[in-house]
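Below is one structure, written out as structure tokens; comments come after it.
The values are calculated or read from the model by the stated rules, or taken from the named source; none is laboratory data. As the structure is a computational prediction, the values presented were derived from the model and not from experiment. Positions of Cβ are backbone-derived with ideal geometry, glycine not excepted, and every protein chain shown enters the neighbour counts. The area values use the complete protein model at the heavy-atom level, side chains included, leaving out ligands, DNA and RNA. Shrake-Rupley method; radii C 1.70, N 1.55, O 1.52, S 1.80 Å.
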Amino acid sequence: MATSAAGRRWRTAGRYALLVAVAVVVLFPIWVMLVGAFKPGNKVLQDPLLPTSVTLDTLRDAWRDGKLGRALVNSTIVALIVTVAQVVTSVLSAYAFAFLRFPGRTLLFALFLATLLVPFEATVVVNRETVQDLGWLNSFQGLAVPFLATAFGTFLVRQVFLTLPKDLREAARMDGLGHLGFLREVAVPLARPTLGALALFGFLASWNQYLWPTVISTDDDWNTVQSGLRTLSQAQIDRPNLVIAGTVIVALPIFVVLLVFQRQLVRGLTAGAVKG
């Protein structure tokens with residue numbers, strides 16, 4: 001028994017050592033970025049791993065030169081529009097594919113999934129011409145409309161809806177609930193963890209968009225955070241830590257969102273993994 005207890009302690013110690021090693025590997029780039037962001041430009045290469053000569057001037061300069069205040073507002077508005085729209089369109093289309101019976105449903109769903117195989121870069125030129133013809137360059141609708149629906153969201157929510165017992169739909173019909181009533185009162189509440197994860201994914205993907213805002217924004221006032229970092233890197237080639245400071249500012253909202261909604265994310269990813 002003593003040998004068994006000693007073996008368990010060694011296994012526990014090994015697990016913790018592995019976790020510490022992984023944490024160091026993951027957090028090391030973040031530490032280097034933070035150290036560089038809080039150093040003046042002429043000291044960034046001196047003791048790059050130690051927080052010497054700490055100053056907030058680099059963050060202030062990055063905020064001003066990159067116009068990150070306006071970029072943060074633009075990205076927040078676009079990300080919220082895209083997130084809400086993706087959740088709504090995913091719920092409605094997933095309900096149709098999961099509960100409604102109509103000719104060609106399987107084929108149409110296969111076509112939905114096929115769009116996941118088409119990279120966005122292959123359609124960016126056509127989308128840009130369409131947005132320009134509509135007069136949506138340098139506008140929130142131009143930034144958001146191409147991403148209001150997602151086949152991935154439809155697939156994810158449909159899989160959750162398919163796990164709901166058919167008896168629920170029959171009982172709801174007997175109680176006088178129509179499609180929208182069943183969706184609102186039964187289906188959506190039961191799929192809430194998955195919808196939370198989908199919303200978080202949509203927000204992060206929209207926040208990190210680089211190519212599309214760069215293509216349709218010709219005015220710096222319509223830059224998103226990624227475009228603002230590009231402008232900052234082009235204007236301050238001789239101050240590399242200025243871009244690092246801008247990256248810290250841009251990443252801060254993401255860390256806050258992940259910290260606040262981490263439980264919802266885990267619940268959404270594990271929903272349906274265990275059957276009771």
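Summary table
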read-out: Close pairs from the range 82-108: first over 13 Å from Leu148 (Cα atoms), partner of a type in the set (Gly, Ala, Ser), Cβ under 7 Å, at least 6 apart; value: Tyr95/Ala187
read-out: Answer from Thr58, Thr52, Thr12 - the residue that is open to solvent by less than 70 Å² (accessible area, probe 1.4 Å), in contact (Cβ under 8 Å) with a residue 24 or more places away in the chain and among the hydroxyl-bearing types (Ser, Thr, Tyr); value: Thr58
read-out: Subset of the range 196-227 [out of contact with any Leu (no Cβ under 9 Å at 6 or more places or on another chain), closer than 14 Å to Gly153 by Cα and of a type in the set (A, V, I, L, M, F, W, C)]; value: Ala199, Ala205
read-out: Every residue from the range 146-167 that is assigned to a helix (DSSP H, G or I) and open to solvent by less than 60 Å² (accessible area, probe 1.4 Å); value: Pro146, Phe147, Ala151, Gly153, Thr154, Leu156, Val157, Arg158, Val160, Phe161
read-out: Test: residue in the range 63-82 that is closer than 30 Å to Thr194 by Cα, within 20 Å of the chain's Cα centre (by Cα), of a type outside the set (D, E, K, R) and surrounded by fewer than 13 Cβ atoms within 10 Å (Cβ to Cβ); value: yes
read-out: Selection status of Leu177, in contact (Cβ under 8 Å) with a residue 12 or more places away in the chain and surrounded by 15 or more Cβ atoms within 10 Å (Cβ to Cβ); value: no
read-out: The lone exception for Leu108 - which of (1) farther than 24 Å from Gly181 by Cα; (2) open to solvent by less than 60 Å² (accessible area, probe 1.4 Å) it fails; value: (2)
read-out: Residues located in the range 111-137, provided they are part of a loop (DSSP other than H, G, I, E, B) and either among the hydrophobic types (A, V, I, L, M, F, W, C) or surrounded by 15 or more Cβ atoms within 10 Å (Cβ to Cβ) (or both); value: Val118, Leu134, Trp136, Leu137
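Here's the yes/no breakdown for (1) within 30 Å of Ala251 (Cα to Cα); (2) modelled with pLDDT of 90 or more:
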| site | (1), (2) |
| --- | --- |
| Glu129 | no, yes |
| Val145 | yes, yes |
| Pro165 | no, no |
| Arg169 | no, no |
| Val225 | yes, yes |
